[in-house]
Amino acid sequence: LPNLLVNGASGIAVGMATNIPPHNLGEVCDALTYLIDHYDQLEDITLDSLLALIPGPDFPTAGIILGGDGIRSAYATGRGLITIRARARIEEMPGNRHRIVVTELPYQVNKATLVEKIAALVRKGRIKDISDLRDESDRQGMHLVIELKRGSQPHKTLNQLYKYTALQSTFGVNMLALTDNAPRILPLKRLLQLYVEHRREVITRRTRFELAKAQQRAHILEGLKIALDYLDAVIQTIRQSPTADEALTRLQTKFNLSEIQARAILDLQLRRLAALERQKIEDEYKAIKEKIAYLEDLLANPQKILALIKDDLHKIKARFGDERRTTLRLDADAGIDVEDLVPDVPVLISITQRGYAKRVPTDTFRKQRRGGRGVTGMSTREEDIVRHLFAAQTLDDLLFFTNVGKVYQQKAYEVPDSSRQAKGIPLINIINLAPAEIVTEALAVRDFSSATYLIMATRKGRIKRVSLDQFASVRSSGLIAITLDGDDELQWAKISTGHQDIIIVTRNGQAIRFSEKDVRPMGRNAAGVNAIRLQKGDCVAGVDLVQDDADILVVTLNGYGKRTPLRAYGRQSRYGKGVRTLSAKGMPVTGPVVDARVVRPEDEIMFISASGMVLRTAVRNISRIGRATKGVKLMNMRDNDHIVSIARLNGAE
């Protein structure tokens with residue numbers, strides 16, 4: 001098989017190959033089978049149809065191929081550059097440190113040379129954040145550990161390694177082969193076609209050779225049959241001949257035999273005259289005639305030769321085929337959009353205080369009645385608690401807002417899918433956060449052109465309105481979403497139409513409702529304006545947008561809550577003190593307000609506690625009572641547990 005088919009082979013059937021990358025054997029066998037099935041319409045076979053079967057090289061060292069332009073160029077023209085990146089992951093270490101673990105290298109990259117190169121870059125100061133480098137590889141696989149200094153940004157260091165070392169390298173494809181006694185650059189389709197033609201030629205010549213041998217043997221067996229049929233006359237002729245040469249001549253003349261047949265009769269052993277041995281000659285003659293008929297039919301029908309090639313390919317794939325090792329990240333370069341391969345389904349995304357994120361289907365948590373204890377929604381470390389839980393679709397864009405006023409962007413499907421009890425992975429693996437940066441709000445955006453404004457609010461009561469399209473494209477290092485004063489933090493972000501009311505609820509139970517038009521649109525770097533006049537020791541606990549005929553759901557630290565019609569909150573001017581929304585007398589029992597959301601009866605709500613317990617219930621199960629009341633028990637809290645976050649599922653998704 002050619003180098004295109006088998007990793008490590010040095011030659012191909014049509015000549016000697018140079019720089020043909022190794023491929024997955026099963027994929028190539030499928031492509032050759034497809035070519036044979038359409039052999040009468042070779043002109044109609046397109047590159048895209050072959051790319052669907054052979055999407056790219058499959059290197060024995062695995063790794064990740066970036067982009068599809070190089071692959072398409074190589075397959076279309078015989079020349080191309082393929083970018084290969086090592087497989088690396090970022091892991092959290094004690095003491096607010098991280099490490100980079102490399103488990104796969106690009107093809108033909110020497111690990112020892114790579115380690116020396118990284119060490120040299122550290123000594124020269126080109127890469128400053130590496131504190132330790134060691135090789136922990138064993139029989140289980142490669143494990144190159146790169147420990148980073150405290151406070152360093154792992155994504156930045158990993159990008160430097162990709163830039164300055166062979167962790168990201170290119171493979172120059174040059175599919176040069178000798179065909180028709182001349183060196184030629186072969187595209188993929190022609191290379192596969194030449195291989196099929198070569199196999200046809202091999203099988204044809206092999207068949208002709210086997211046919212000649214079979215015919216020769218049949219000729220001898222025919223002579224032996226004549227000798228057995230006239231055995232007494234043959235024996236008498238031989239006995240009456242003075243010499244062997246004379247016997248040869250008399251047999252040819254008397255029984256009309258060829259020289260080969262006559263010699264075979266003279267060489268016949270006496271034991272072959274037994275009845276059983278005579279039957280063996282008859283059976284062999286019958287079998288050889290059937291073989292001759294099969295071989296003649298094979299030579300007369302080229303389609304049967306192609307079918308034989310297909311059978312050989314199926315056997316090769318069954319025996320030697322294996323799973324693809326190299327991951328392809330083609331994006332849209334090869335006409336394949338990653339989003340086309342991702343099902344658009346509703347999911348829940350959770351983020352912990354220590355920055356662990358995960359994605360689970362919304363039906364992971366069964367619906368329960370109000371007052372239940374819930375189920376475990378995440379296995380957290382003792383010092384970690386869940387802070388955010390929100391619904392999204394897998395194809396939504398996620399905007400991550402942080403306490404320092406920055407925003408990052410990522411697709412929802414790029415948040416790893418996990419089980420209900422799993423804690424997820426560090427957000428540092430998803431977005432490029434700074435060491436002291438914490439995600440305080442996350443939004444799922446379906447279409448940046450479908451909404452008009454983004455409303456942002458801070459813990460100290462500042463509010464800002466900005467056009468949503470300013471965040472349609474956020475670079476990997478993030479963008480400034482709001483300028484903060486002093487020790488204030490960005491905590492909320494909501495998408496609005498530009499004509500809605502805003503309701504703000506504070507930790508001590510005050511609430512204010514005002515029109516978003518009271519907040520003029522501002523630039524992306526603006527600091528915003530005052531939204532509510534806070535009393536000493538108070539801060540904002542929840543911000544949402546008012547909907548017609550909806551309720552405001554207020555949830556407290558100890559698992560109490562209530563929903564109240566929004567019409568009970570009259571519109572005021574911005575920067576007022578607001579009205580009471582939670583009974584002050586009941587706060588020793590209920591605890592302060594944790595969050596507040598605008599809900600409808602057909603919605604569902606999910607409560608999540610600091611210990612990771614999650615309860616999902618219908619909004620209609622929550623009592624609808626007056627504005628300045630204590631509320632009812634929503635979720636039974638275990639000792640030292642409390643509610644930290646809620647999420648609304650629109651229309652009971």
Open item on the list: I'm trying to understand the selection: among the residues of the range 508-546, which are open to solvent by 10 Å² or more (accessible area, probe 1.4 Å), under 28 Å from residue 619 (Cα atoms) and of a type in the set (Gly, Ala, Ser)?
Closed with: 515
TODO: Kindly list the number of the only condition in (1) on the phi < 0 side of the Ramachandran plot; (2) open to solvent by less than 20 Å² (accessible area, probe 1.4 Å) that fails for residue 44.
DONE: (2)
Task: Residue within the range 452-460 that is touching a Cys at 6+ places or on another chain (Cβ under 6 Å), open to solvent by 20 Å² or more (accessible area, probe 1.4 Å), more than 26 Å from residue 393 (Cβ to Cβ) and modelled with pLDDT of 90 or more present - done: yes
- [ ] Could you tell me whether residue 209 is aromatic (Phe, Trp, Tyr) and without any contact (Cβ under 8 Å) to a residue 40 or more places away in the chain?
- [x] yes
TODO: Go through the range 150-184 and give me each residue that's surrounded by 14 or more Cβ atoms within 10 Å (Cβ to Cβ) and among the aliphatic types (A, V, I, L, M).
DONE: 158, 161, 166, 167, 173, 175, 176, 177, 178
- [ ] Hey, can you tell me all the residues within the range 265-306 that are in contact (Cβ under 8 Å) with a residue 60 or more places away in the chain and within 48 Å of the chain's Cα centre (by Cα)?
- [x] 298, 299, 302, 305, 306
Open item on the list: Condition first: in contact with a helix residue (DSSP H, G or I) (Cβ under 8 Å, 6 or more places away or on another chain), without any contact (Cβ under 8 Å) to a residue 24 or more places away in the chain, aliphatic (A, V, I, L, M) and in a helix (DSSP H, G or I). Can you find one or more residues in the range 230-238 that meet it?
Closed with: yes
TODO: Any residue in the range 463-479 that's of a type in the set (Asp, Glu): show its pairings with residues that are open to solvent by 20 Å² or more (accessible area, probe 1.4 Å) and at pLDDT below 90 at Cβ separation under 8 Å, as long as the two are six or more apart or on different chains.
DONE: 469/448; 469/449
Task: Test for residue 227: is it of a type in the set (A, V, I, L, M, F, W, C), within 30 Å of residue 54 (Cα to Cα), in contact (Cβ under 8 Å) with a residue 12 or more places away in the chain and out of contact with any Ser or Thr (no Cβ under 7 Å at 6 or more places or on another chain) - done: no
Open item on the list: So in the range 489-507, with the set limited to residues that are of a type in the set (A, V, I, L, M, F, W, C) and closer than 22 Å to residue 561 by Cα, which one is surrounded by the fewest Cβ atoms within 10 Å (Cβ to Cβ)?
Closed with: 492
TODO: Hey, can you tell me all the residues within the range 451-481 that are over 16 Å from residue 575 (Cα atoms) and assigned to a loop (DSSP other than H, G, I, E, B)?
DONE: 451, 452, 472, 473, 474, 475, 476, 477, 478, 481
Task: Matching option when the condition is modelled with pLDDT of 90 or more and either touching a Ser or Thr at 6+ places or on another chain (Cβ under 9 Å) or not polar (S, T, N, Q) (or both), among 126, 150, 134 - done: 134
TODO: Report yes if residue 253 is of a type in the set (S, T, N, Q) and open to solvent by less than 90 Å² (accessible area, probe 1.4 Å), otherwise no.
DONE: no
- [ ] Search the range 235-250 for residues being small (Gly, Ala, Ser) and over 24 Å from residue 218 (Cβ atoms), and hand back the single one that is surrounded by the fewest Cβ atoms within 10 Å (Cβ to Cβ).
- [x] 244
Task: Qualifying residue in the range 261-275 (condition: open to solvent by less than 80 Å² (accessible area, probe 1.4 Å), modelled with pLDDT under 95 and either within 29 Å of residue 84 (Cα to Cα) or part of a loop (DSSP other than H, G, I, E, B) (or both)) - done: yes
Task: Residues of the range 611-628 satisfying the condition of being among the aliphatic types (A, V, I, L, M), open to solvent by less than 10 Å² (accessible area, probe 1.4 Å) and modelled with pLDDT under 85 - done: 614
Open item on the list: Based on this model, can you work out whether residue 65 counts as farther than 25 Å from residue 33 by Cβ, β-branched (Val, Ile, Thr) and not in a loop (DSSP other than H, G, I, E, B)?
Closed with: no
Open item on the list: It is to be established whether one or more residues within the range 140-149 are farther than 30 Å from residue 47 by Cβ, touching an Asp or Glu at 6+ places or on another chain (Cβ under 9 Å), surrounded by 15 or more Cβ atoms within 10 Å (Cβ to Cβ) and not aliphatic (A, V, I, L, M).
Closed with: yes
TODO: Can you work out which of the residues in the range 547-593 that are over 15 Å from residue 510 (Cβ atoms) and of a type in the set (A, V, I, L, M) is surrounded by the fewest Cβ atoms within 10 Å (Cβ to Cβ)?
DONE: 589
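The values are calculated or read from the model by the stated rules, or taken from the named source; none is laboratory data. It should be emphasised that the depicted structure is a prediction, and the values quoted were computed from it without experimental measurement. With ideal geometry, Cβ positions are generated from the backbone for all residues, glycine too; neighbour counts draw on all protein chains shown. SASA here: full protein model, heavy atoms, side chains in, ligands and nucleic acids out. Shrake-Rupley method; radii C 1.70, N 1.55, O 1.52, S 1.80 Å.
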